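The values are calculated or read from the model by the stated rules, or taken from the named source; none is laboratory data. Keep in mind the model is a prediction, meaning the values are calculated, not measured. Here the Cβ positions follow ideal geometry from the backbone for every residue, glycine too, while neighbour counts run over all protein chains shown.
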Amino acid sequence: MSSMLKNINREDLKKFVHYILFENNTSGTSVLDTQQISLMELGEEGVVLRAPTKSCQQKHNLTLYLYFMPLELKIKSSRDLKSKKNKHLSVIGIVKDKELVEGEDYCYIKVDFTQFDEYQWEQFLMLYEERQELMNKVARDTCE
């Protein structure tokens, strides 16, 4: 098992780190803290996110910004979201569903994309599929 783990390129794993932030175009607010949003599910034309409860409502329009590490510019204001200094993918979507978590300050939101570059999104999905395949291989190899 230890020889198999030595064959994993740690740099490949580091390169896949990303952050998600968003602007709520309906309310005019933004979520700028990378620790407050987590990607839970990926779909062909949307995502499920864990987000702060008060950050959006059902039917709100959002612009999602997916940033790839490392961030060259720290994001301090909504103006920084679109900076070319940080490599990112942006998509526009609508909150189709919002599930509150009792006793917590976060919720789960389903965002369906309304405007996005399909090719770029497919490339992003392929990165996740490749990473999942690598993790599955590691899991299989460690169990043998």
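Sort out which residues of the range 84-119 are among the polar types (S, T, N, Q) and surrounded by 13 or more Cβ atoms within 10 Å (Cβ to Cβ), and write them in order of number.
Going through the range 84-119, the residues among the polar types (S, T, N, Q) turn out to be 86, 90, 114-115.
Within the range 84-119, Asn86, Ser90, Thr114 qualify.
Checking the structure you have, find out if any residue of the range 77-84 is touching a strand residue (DSSP E or B) at 6+ places or on another chain (Cβ under 6 Å), in a helix (DSSP H, G or I) and either more than 19 Å from His60 (Cα to Cα) or at pLDDT below 95 (or both).
Checked against the condition, which is being touching a strand residue (DSSP E or B) at 6+ places or on another chain (Cβ under 6 Å), in a helix (DSSP H, G or I) and either more than 19 Å from His60 (Cα to Cα) or at pLDDT below 95 (or both), the range 77-84 yields at least one hit.
For the range 110-121, give me each residue that is under 14 Å from the mean Cα position of the chain (by Cα), modelled with pLDDT under 95 and acidic (Asp, Glu).
Scanning the range 110-121 gives no hits.
Any residue that is over 15 Å from Tyr108 (Cα atoms), assigned to a strand (DSSP E or B), modelled with pLDDT of 90 or more and not hydrophobic (A, V, I, L, M, F, W, C) - is there at least one of those in the range 9-22?
Scanning the range 9-22, I find no residue that is over 15 Å from Tyr108 (Cα atoms), assigned to a strand (DSSP E or B), modelled with pLDDT of 90 or more and not hydrophobic (A, V, I, L, M, F, W, C), so the answer is no.
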